[in-house]
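Student: Quick one: the structure is below, and I'll ask about it shortly.
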2 protein chains.
Amino acid sequence: MTSSPELIVPTIDDIRAAAERIASHAVRTPLLESPHLNEIVGGRLLVKAEPLQRTGAFKFRGAYNTLVQIPENERKNGVVAFSSGNHAQGVAHAAELLGLPAVIVMPKDAPPLKVENTRGYGAEVVLYDRYTENREEIGARIADERGATLVKPYDDPRIIAGQGTAGLEITEQLDGNLDQVLCPVGGGGLASGVAIAIKAAYPDASVYACEPAGYDSMGRSLAAGAITGNDAGAGATICDALLPKSPGNFTFAIGQDLFAGGLAVTDDQVRSAMAQAFLRLKLVVEPGGAAGLAAALSGVLDCSGKTTVAVCSGGNVDPSLFADVLRDCL
Amino acid sequence: MTSSPELIVPTIDDIRAAAERIASHAVRTPLLESPHLNEIVGGRLLVKAEPLQRTGAFKFRGAYNTLVQIPENERKNGVVAFSSGNHAQGVAHAAELLGLPAVIVMPKDAPPLKVENTRGYGAEVVLYDRYTENREEIGARIADERGATLVKPYDDPRIIAGQGTAGLEITEQLDGNLDQVLCPVGGGGLASGVAIAIKAAYPDASVYACEPAGYDSMGRSLAAGAITGNDAGAGATICDALLPKSPGNFTFAIGQDLFAGGLAVTDDQVRSAMAQAFLRLKLVVEPGGAAGLAAALSGVLDCSGKTTVAVCSGGNVDPSLFADVLRDCL
């Protein structure tokens, strides 16, 4: 890793090492292609299918890569994490596999499916109020009380290197050139890790941070040249997995260096992309997980005549919302 | 291939040759696993995810393997196939890739999505009445008129060898032992090909033919020791892909030799399995495609303490039916 006083940025070698650590537990998710989707964008569109990852989202990659590096003598005190859902499940399941106790701090309004699954992996769930309480403080207090290791959702080089293994797989699976990559961004752990891996193999490819309109803090931070938070009053979005307060210090720095820019997509564009993934890929994608695919299919980013990879980051969506999307869009 | 006056049964070498023929076009579909599904069956349950195959079903494997072997001088007259849907799409897309004209004979009541997709692959679709017309006769007449090659849906050694590549992949992807395989059966092309591949690597594994209750002609034929047709008055089932008149001559002979038996599942068991595949695997499975998974999850076959592979054979399901399944089952 290269380091400065403030920042530790993972290298492609850190991502390769992470890939070896997770190889026996993580799914090597397929890169899917549909002639129908190619026709819609007028180019070649490949989809990295992270809903097929263990726990239904990419988060397992970074969680396992981090937990497996916790020293033996610190393991008995367990881990603590705060998350609206997918990081929670990733940490809980990685902890279960490694035999560590896990406490997960989740918002009271997280999708019931994600809360239930987190408990299903054997974790203790502590609920908090997203609007009146600070999850970082709650997580830090629990870590302090129990001597547990706090596992950050994105702003940690081990997490970023772990998520980057999805990008490394893309470079290994791709048969030909690559012009652009679309990646959903909440805190930016996935996109920054993917960008490091993609740029190592395809220095000229453009990597875009895809966010819900109104919660496009990475895009606005990149445009402003400084970390800019999301407005708490930005209104509702169905992309529950992409609602951070702001990009992380690490992920923003990597983004400044490697991202081509940010793209914002509407809920309607996201719903339409979820329906297309159902219809053409037979893949269940959750709203936030479809932000990159939505940017491609809706024309927010021109993909004509190009080879584009859209990372679909997760598939943990409540059945009733998914049924509504199918009824409304198809 | 080993042959008798009546029957040509593909060998594992034919399946290996088919795998080489289709390698550059077919998806090597993943073998998925979920701790939640393992818990339900009390054993290890792996799912071969053929909905992720090109055209959304395993049928592309056999279709491409067959069409690519048509001699150059016969190609210009094209191919003709009869199918309720997935074979139609497989043949149409394989023909499109190979530049052959294709005519597909489909029942008027086939799912609209399957008819639309078949046309989308560039095929000419001829509709017939399932209750008053004979699709074999229509297909044979068109083949005769145009000099086109008739591509049978299952009772052909090239088709069976092609479908068997799904089984070959299972044996390559599996890390450990294998006790039993559950495979949906319509005409039996997939299950017979899979059985040949599985038995070559795991001679002691049991392969079960999974059918809709009331349309379990393979199971009843195996029990009777002779081909027994489905009763036209058996009532409705949502498994539109699994409604043959009877098993094929080839597929029944292979089944007699290699299947452990037949299992029948109800529509409710199928719907529940589709919901679990959505929830735990993020995979869209059509009713017929879920017959094997349904047998495992509902306990029709005891999977406790065993390693079981359920082949999910396709995902071409109309959105409204899928939305209903989610609302009713979850």
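The values are calculated or read from the model by the stated rules, or taken from the named source; none is laboratory data. Predicted model only: the values in this text are computed from it and were never measured. Reconstructed Cβ throughout: ideal geometry from the backbone, glycine too, with neighbour counts over all protein chains shown. For the accessible areas, the whole protein counts, side chains as well, though only heavy atoms, and no ligand, DNA or RNA atoms are used. Shrake-Rupley method; radii C 1.70, N 1.55, O 1.52, S 1.80 Å.
Student: May I ask you to say which residue of B:150, B:182, B:178 is within 22 Å of residue B:105 (Cβ to Cβ) and aliphatic (A, V, I, L, M)?
Tutor: B:150
Student: Same structure again: Collect the residues in the range B:57-76 that are open to solvent by 10 Å² or more (accessible area, probe 1.4 Å) and not in a loop (DSSP other than H, G, I, E, B), keeping them in residue-number order.
Tutor: B:59, B:64, B:72, B:73, B:74, B:75
Student: Restricting to the range A:113-140, and then to whatever is among the hydroxyl-bearing types (Ser, Thr, Tyr) and more than 18 Å from residue A:316 (Cα to Cα), can you tell me which residue is farthest from the other protein chains (Cβ to nearest Cβ)?
Tutor: A:132
Student: With respect to residue A:246, is the statement that it is among the hydroxyl-bearing types (Ser, Thr, Tyr), over 28 Å from residue B:116 (Cβ atoms) and touching a strand residue (DSSP E or B) at 6+ places or on another chain (Cβ under 6 Å) true?
Tutor: no
Student: Still on this structure, please answer the following. So, of the residues in the range A:283-320 that are of a type in the set (S, T, N, Q) and away from chain B (no Cβ under 14 Å), which turns out to be surrounded by the fewest Cβ atoms within 10 Å (Cβ to Cβ)?
Tutor: Pass one, the range A:283-320, residues of a type in the set (S, T, N, Q): A:298, A:304, A:307-308, A:313, A:316, A:320.
Remaining after also requiring away from chain B (no Cβ under 14 Å): A:298, A:304, A:307-308.
On the way: A:298: 18, A:304: 9, A:307: 18, A:308: 28.
Ranking the candidates gives A:304 first.
Student: State yes or no: is residue A:51 within 29 Å of residue A:175 (Cβ to Cβ) and free of Cβ contacts under 8 Å to residues at least 60 places away in the same chain?
Tutor: no
Student: Also, quick follow-up: For the structure I just gave you, tell me whether residue B:146 is touching a Pro at 6+ places or on another chain (Cβ under 8 Å), away from chain A (no Cβ under 14 Å), farther than 29 Å from residue B:29 by Cα and of a type outside the set (A, V, I, L, M, F, W, C).
Tutor: no
Student: Which residue pairs have Cβ atoms under 6 Å apart, sit 6 or more places apart or on different chains, and have a first residue in the range A:1-20 that is farther than 14 Å from residue A:167 by Cβ and a second that is modelled with pLDDT under 65 and surrounded by fewer than 18 Cβ atoms within 10 Å (Cβ to Cβ)?
Tutor: Filtered contacts from the range A:1-20: A:8/A:1; A:9/A:2.
Student: A further question on this structure: Could you say whether any residue in the range A:260-273 is out of contact with any strand residue (DSSP E or B) (no Cβ under 6 Å at 6 or more places or on another chain), at negative phi and within 14 Å of chain B (Cβ to nearest Cβ)?
Tutor: Within the range A:260-273 (the criterion being out of contact with any strand residue (DSSP E or B) (no Cβ under 6 Å at 6 or more places or on another chain), at negative phi and within 14 Å of chain B (Cβ to nearest Cβ)), the answer is yes, since at least one residue qualifies.
Student: I would also like to ask the following. Counting just the residues of the range A:42-56 that are surrounded by 21 or more Cβ atoms within 10 Å (Cβ to Cβ) and more than 17 Å from the chain's Cα centre (by Cα), which one comes out nearest to the other protein chains (Cβ to nearest Cβ)?
Tutor: A:46
Student: Something else now. Before we move on, is residue A:129 surrounded by fewer than 24 Cβ atoms within 10 Å (Cβ to Cβ) and touching a residue at least 12 places away in the same chain (Cβ under 8 Å)? Working first, answer last.
Tutor: Working: surrounded by fewer than 24 Cβ atoms within 10 Å (Cβ to Cβ): yes; touching a residue at least 12 places away in the same chain (Cβ under 8 Å): yes.
Against the criterion (surrounded by fewer than 24 Cβ atoms within 10 Å (Cβ to Cβ) and touching a residue at least 12 places away in the same chain (Cβ under 8 Å)), residue A:129 qualifies.
Student: Could you check, for the range A:220-236, whether at least one of its residues is more than 14 Å from chain B (Cβ to nearest Cβ) and either touching a strand residue (DSSP E or B) at 6+ places or on another chain (Cβ under 6 Å) or open to solvent by less than 10 Å² (accessible area, probe 1.4 Å) (or both)? Talk me through it step by step, then tell me what you get.
Tutor: Filtering the range A:220-236 for residues more than 14 Å from chain B (Cβ to nearest Cβ) gives A:220-236.
Cutting the leftovers down to either touching a strand residue (DSSP E or B) at 6+ places or on another chain (Cβ under 6 Å) or open to solvent by less than 10 Å² (accessible area, probe 1.4 Å) (or both) gives us A:221-222.
Scanning the range A:220-236 turns up at least one residue that is more than 14 Å from chain B (Cβ to nearest Cβ) and either touching a strand residue (DSSP E or B) at 6+ places or on another chain (Cβ under 6 Å) or open to solvent by less than 10 Å² (accessible area, probe 1.4 Å) (or both).
Student: Still on this model: Does any residue of the range A:130-153 turn out to be at pLDDT 90 or above, within 22 Å of the chain's Cα centre (by Cα), more than 29 Å from residue A:209 (Cα to Cα) and not hydroxyl-bearing (Ser, Thr, Tyr)?
Tutor: No: the range A:130-153 contains no residue that is at pLDDT 90 or above, within 22 Å of the chain's Cα centre (by Cα), more than 29 Å from residue A:209 (Cα to Cα) and not hydroxyl-bearing (Ser, Thr, Tyr).
Results for (1) outside any loop (DSSP other than H, G, I, E, B); (2) over 18 Å from residue A:106 (Cα atoms); (3) among the small types (Gly, Ala, Ser), shown as yes or no for each residue.
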| position | (1), (2), (3) |
| --- | --- |
| A:191 | yes, yes, yes |
| A:204 | no, yes, no |
| A:208 | yes, yes, no |
| A:219 | yes, yes, yes |
| A:238 | no, no, no |
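Student: Suppose we keep only residues that are under 19 Å from residue A:111 (Cα atoms) and facing another protein chain (nearest Cβ under 7 Å) within the range A:321-330. Which one would you say is surrounded by the most Cβ atoms within 10 Å (Cβ to Cβ)? Steps first, answer last, please.
Tutor: Step one: list which residues in the range A:321-330 are under 19 Å from residue A:111 (Cα atoms), which gives A:321-326.
Still in the running and facing another protein chain (nearest Cβ under 7 Å): A:322-323, A:326.
On the way: A:322: 26, A:323: 22, A:326: 21.
Within the range A:321-330, the match that is surrounded by the most Cβ atoms within 10 Å (Cβ to Cβ) is A:322.
Student: Counting only residues that are open to solvent by 10 Å² or more (accessible area, probe 1.4 Å) and within 13 Å of another protein chain (Cβ to nearest Cβ), which one in the range B:77-100 is nearest to the chain's Cα centre (by Cα)?
Tutor: Start the filter on the range B:77-100 by keeping residues that are open to solvent by 10 Å² or more (accessible area, probe 1.4 Å), which leaves B:77, B:82, B:84, B:86, B:96-100.
From the residues that got through so far, the ones that are within 13 Å of another protein chain (Cβ to nearest Cβ) too are B:86, B:96-97.
Values: B:86: 8, B:96: 21, B:97: 21 Å.
Filtering first and then ranking leaves B:86.
Student: Still on this structure, I have one more. On the basis of being open to solvent by less than 30 Å² (accessible area, probe 1.4 Å) and either part of a helix (DSSP H, G or I) or of a type in the set (A, V, I, L, M) (or both), does residue B:178 make the cut?
Tutor: Criteria met by residue B:178.
Student: Under 7 Å between Cβ atoms, at least 6 apart or on separate chains: pull out the pairs that start in the range B:27-40 with a residue that is under 19 Å from residue A:32 (Cβ atoms) and end on any residue that is open to solvent by 30 Å² or more (accessible area, probe 1.4 Å) and not in a helix (DSSP H, G or I).
Tutor: Within 7 Å, the pairs are B:30/A:27.
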